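Reviewing the structure listed below.
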Amino acid sequence: MKRNVLVALIVAFTLSLNAQVKKTFSIQADKPTAKVSPNMWGVFFEDINLGADGGIYAELIKNRSFEFAQPLMGWKKIGETAPEGTFLVLNQKEKTNNPRFLRINRLTGAEKLGLQNEGFRGMGIKQGLRYDFSVFYRQIKPGVKLHIELVDTTGTIIGKGEFSPDGEQNTWKKQQVSFHATQTELKAKLNIWFEGKGIIDLDMISLFPEDTWKKRPGGLRADMVQLLADMKPGFIRFPGGCIVEGRELATRFQWKKTVGPIEDRQLIINRWNTEFKHRPAPDYYQTFGLGFFEYFQLAEDIGAEPLPILNCGMACQFNTAELVPIDELDEYVQDALDLIEFANGDVTTKWGKLRASMGHPNPFNLKMLGVGNENWGPQYIERLEIFKKALNDRYPNIKIVASSGTDPDGERFDFLNQRLRAMKVDFIDEHYYRSPEWFLSNTSRYDSYDRNGSKIFAGEYAGHPKQVEDGPSENNWSAAIAEAAFLTGLERNADVVEMASYAPLFAHVDGWQWAPDLIWVNNLHAYGTPNYQVQKLYATNKGTDVIPILSDGQLVSGRDSLYASAVIDHNQKEIIVKIVNHNAQPVEGMFNIQVKGKLASNGSHTFLTATNLNAINTIDQPDQVSPQTRPIAIEGKKLNISLVPYSFHVVKIKMQ
Ligand code: AHR
């Protein structure tokens, strides 16, 4: 146990001896009220804050194909002064998706010349690990040899390899060279030195570590995926977020451009490149190395249902608000239909065949699809109706997720809420980025929702603490405990709310645009925030059926700053109680359990608390706010638990 947590507990315990507030809770395990959806707690993925490129996508080279608006962004010429015309950016007409390449004209062969790539805010390199360098090259005049070096911040070489191109003249060839790193470095760079005399063309210059998730070449950062897998998420929503919409339609997310061979995927600017003037990211692009195939594969790997969100014919309404005319919407609708074929179609279908060629002949078993992200107004409804008809006609079993805009209330929300319910959409996607106080005072939000209408997908939410700025510090305990309290209201209403995901998911400490975020990373490490710990406790203790938990005959939803929900897990034969004490004083909780059979005499008590409401986790101290678990004794059908100040508890009781 961390020392500061221990001190807090001792202080809390001492206080508790003096002025113990007692509360009785009755758990009605014999009266289940609703089923919990197996997909209930999921994750929201968007390429924001270097979430994909520079984040979970393990590529270490920035601008590997020279397709950024500035073709040499991320690259620097190194060595002696290069004669004019040594490095040329050229285009090849036949490759429309990735036309640019770099020509190295080593005319005299005399100078020491090279190129350096700076990575995404540097490259995270681990001692002893193998690194795979690859490049597409074409020898115009054979004779140029390549020397590859990883260097630390002082310029010291920490890994190297070399190769002599042997491909046929004037023909593109891919070649790889692997080498091991001799040192761990957070912000390494890669040098490529050219030796000899000749002319060579280069494209798709790439460097991957060997330790990707499942050791897949060209894959994902294993530590980041592991944090997701540990949550056992019920679904993964992708690829966003605003990125679905694009600032304008031309830069909307188009899934078809993200599948097939990597070298043919056309990159586009990332909308978070320019979105916030105070957080500029001029080097932020989407290379789509993490594309729709990889998203589906990731979902399968971590046991989550895939939930793609597609553009509905509208660009971001905060930006250009560009619209596709209704009579030109076909292409967009077709993209949705084709995506279902890509995910689920037989290998004899056009898109099913592509999936199979990428290594997954079995279907991905897609069950739901989002149409639009944070779109609103009659223009959205008009487009959604067309999508809905086409999707329902062709794929009646695919559930449709529809947007309720950017806010959980107000005129826009009310208009959409009424229209979407009238349309009987399967899921309404609600978003709330609000203060911790909002979360605490809205725990009853779903108690009065229509039980028979559209289901709710709480698709993006996060507590945004006031007066706290600067990225990682926004993920403090005040926000996380308020979310924990709010989620009791979602769990209690699991017959209405069938899915929920915190947003955004990832942020790089040196490259973020939006905070707070669930998981923070640098080039070598990743950690879960207090908010992550809350999400994980819910997701790994979701149970199968909701049961009432009452105090003085009433729901525990804010009175005396206490919040609670409870479930049964029929598979594990467990009662699971979640309870938040949002008081500065401890509360002695006395739980009476109504259950048909007997209870085991022991159980477990897991709790999250912190030294103060501003407490956070960091790269150096990733476990400051992390769960502690202890065994508990149960006497008959009674149980006492001390709820320390500002704490979140998960109590598990075995049924016999
Ligand atoms: O999660 C960050 C952004 O918040 C998402 O891209 C968008 O949907 C919302 O406005």
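The values are calculated or read from the model by the stated rules, or taken from the named source; none is laboratory data. Predicted model only: the values in this text are computed from it and were never measured. Every residue, glycine as well, gets a Cβ built from its backbone with ideal geometry; the counts of neighbours run over all protein chains shown.
Just so you know, in segment 351-365 the residues that are in a helix (DSSP H, G or I) and among the small types (G, A, S) include one that is surrounded by the most Cβ atoms within 10 Å (Cβ to Cβ), and it is G352.
For L518, the conditions (1) without any contact (Cβ under 8 Å) to a residue 24 or more places away in the chain; (2) outside the structural domain of L613 (by TED's automatic domain parsing); (3) not small (G, A, S) are fulfilled apart from (1). Report yes if some residue within segment 379-395 is buried (at least 21 other Cβ atoms within 10 Å of the Cβ), assigned by TED's automatic domain parsing to the domain that holds W477 and within 16 Å of the ligand (Cβ to nearest atom); otherwise report no. Yes.
Which members of segment 196-233 meet the condition of being surrounded by fewer than 18 Cβ atoms within 10 Å (Cβ to Cβ), touching a strand residue (DSSP E or B) at 6+ places or on another chain (Cβ under 9 Å) and part of a loop (DSSP other than H, G, I, E, B)? Passing the criteria: K197, E210, D211, P217, G218, K232. When D264, D330, D338, D283 are checked against the criterion of being of a type in the set (D, E) and within 28 Å of R412 (Cα to Cα), D330 stands alone in meeting it. The single condition from (1) under 15 Å from the mean Cα position of the chain (by Cα); (2) more than 21 Å from N49 (Cα to Cα); (3) of a type outside the set (A, V, I, L, M) that W514 fails is (2). Looking at segment 186-195, is at least one residue in contact with a strand residue (DSSP E or B) (Cβ under 8 Å, 6 or more places away or on another chain), crowded, with 19+ Cβ neighbours inside 10 Å, among the aromatic types (F, W, Y) and not in a helix (DSSP H, G or I)? Checked segment 186-195: at least one residue is in contact with a strand residue (DSSP E or B) (Cβ under 8 Å, 6 or more places away or on another chain), crowded, with 19+ Cβ neighbours inside 10 Å, among the aromatic types (F, W, Y) and not in a helix (DSSP H, G or I). If you go through segment 249-266 and keep only what is more than 19 Å from the chain's Cα centre (by Cα) and more than 16 Å from the ligand (Cβ to nearest atom), you end up with L249, A250, K256, K257, V259, G260, P261, I262, E263, D264, R265, Q266. Among the residues in segment 570-581, are any within 26 Å of the chain's Cα centre (by Cα), more than 16 Å from F486 (Cα to Cα) and crowded, with 24+ Cβ neighbours inside 10 Å? Scanning segment 570-581, I find no residue that is within 26 Å of the chain's Cα centre (by Cα), more than 16 Å from F486 (Cα to Cα) and crowded, with 24+ Cβ neighbours inside 10 Å, so the answer is no. Quick one: F288 ticks every box in (1) crowded, with 18+ Cβ neighbours inside 10 Å; (2) more than 24 Å from E430 (Cβ to Cβ); (3) free of Cβ contacts under 8 Å to residues at least 60 places away in the same chain; (4) within 16 Å of the ligand (Cβ to nearest atom) except a single one, so which number is it? Result: F288 fails condition (4) only. When restricted to residues that are closer than 22 Å to N311 by Cα, away from the ligand (no atom under 16 Å from the Cβ) and among the β-branched types (V, I, T), segment 337-376 contains 1.
One line per residue, one yes/no per condition, for (1) touching a residue at least 40 places away in the same chain (Cβ under 8 Å); (2) of a type in the set (A, V, I, L, M, F, W, C); (3) out of contact with any Phe, Trp or Tyr (no Cβ under 9 Å at 6 or more places or on another chain):
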| site | (1), (2), (3) |
| --- | --- |
| E210 | yes, no, no |
| W213 | yes, yes, yes |
| P217 | yes, no, no |
| Q254 | yes, no, yes |
| V259 | yes, yes, no |
| D264 | yes, no, yes |
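Could you figure out which of (1) surrounded by fewer than 18 Cβ atoms within 10 Å (Cβ to Cβ); (2) in a helix (DSSP H, G or I) isn't true of F439? So F439 meets the others, but not (1).
Restrict the check to segment 408-422 and report whether at least one residue is within 28 Å of A462 (Cβ to Cβ), in contact (Cβ under 8 Å) with a residue 60 or more places away in the chain and under 26 Å from the mean Cα position of the chain (by Cα). No, there is no match, as no residue in segment 408-422 is within 28 Å of A462 (Cβ to Cβ), in contact (Cβ under 8 Å) with a residue 60 or more places away in the chain and under 26 Å from the mean Cα position of the chain (by Cα). Return a yes/no flag: does segment 52-70 have any residue that is in contact with a His (Cβ under 9 Å, 6 or more places away or on another chain) and closer than 30 Å to H147 by Cβ. For segment 52-70, residues in contact with a His (Cβ under 9 Å, 6 or more places away or on another chain) and closer than 30 Å to H147 by Cβ: present. Only one of the numbered conditions (1) over 32 Å from the mean Cα position of the chain (by Cα); (2) small (G, A, S); (3) surrounded by 14 or more Cβ atoms within 10 Å (Cβ to Cβ) is violated by A610, and that is (1).
In segment 41-61, of all residues being farther than 15 Å from R221 by Cβ and of a type outside the set (A, V, I, L, M, F, W, C), the one that is farthest from the ligand (Cβ to nearest atom) corresponds to G42. Annotation note: of I243, I236, I269, the sole residue that is surrounded by fewer than 20 Cβ atoms within 10 Å (Cβ to Cβ) and within 16 Å of the ligand (Cβ to nearest atom) is I269.
V144 meets each of the listed conditions (1) more than 29 Å from the chain's Cα centre (by Cα); (2) in the same structural domain as A526 (by TED's automatic domain parsing) apart from (2). Residues that are assigned to a loop (DSSP other than H, G, I, E, B) and surrounded by fewer than 22 Cβ atoms within 10 Å (Cβ to Cβ) within segment 417-431 comprise M423, K424, D426, listed in sequence order.
Listed conditions (1) assigned to a strand (DSSP E or B); (2) buried (at least 16 other Cβ atoms within 10 Å of the Cβ) are all met by N98, apart from (1).
Just so you know, in segment 503-538 the residues that are hydroxyl-bearing (S, T, Y) and away from the ligand (no atom under 16 Å from the Cβ) include one that is surrounded by the most Cβ atoms within 10 Å (Cβ to Cβ), and it is Y538. For segment 300-309, the condition of being closer than 21 Å to R412 by Cα and either at pLDDT 95 or above or in a loop (DSSP other than H, G, I, E, B) (or both) holds for at least one residue.
What about G198, is it within 25 Å of E80 (Cβ to Cβ) and free of Cβ contacts under 8 Å to residues at least 40 places away in the same chain? The answer is no for G198. For segment 476-502, a tally of residues being touching a strand residue (DSSP E or B) at 6+ places or on another chain (Cβ under 7 Å) and either farther than 30 Å from D620 by Cα or within 16 Å of the ligand (Cβ to nearest atom) (or both) returns 16. Set side by side, the residues Q656, Q594, Q572, Q621 differ, and just one is of a type in the set (S, T, N, Q) and modelled with pLDDT under 95, which is Q656. Could you go through segment 539-551 and let me know if any residue there is surrounded by fewer than 23 Cβ atoms within 10 Å (Cβ to Cβ), touching a residue at least 60 places away in the same chain (Cβ under 8 Å), part of a helix (DSSP H, G or I) and under 20 Å from the mean Cα position of the chain (by Cα). Scanning segment 539-551, I find at least one residue that is surrounded by fewer than 23 Cβ atoms within 10 Å (Cβ to Cβ), touching a residue at least 60 places away in the same chain (Cβ under 8 Å), part of a helix (DSSP H, G or I) and under 20 Å from the mean Cα position of the chain (by Cα), so the answer is yes.
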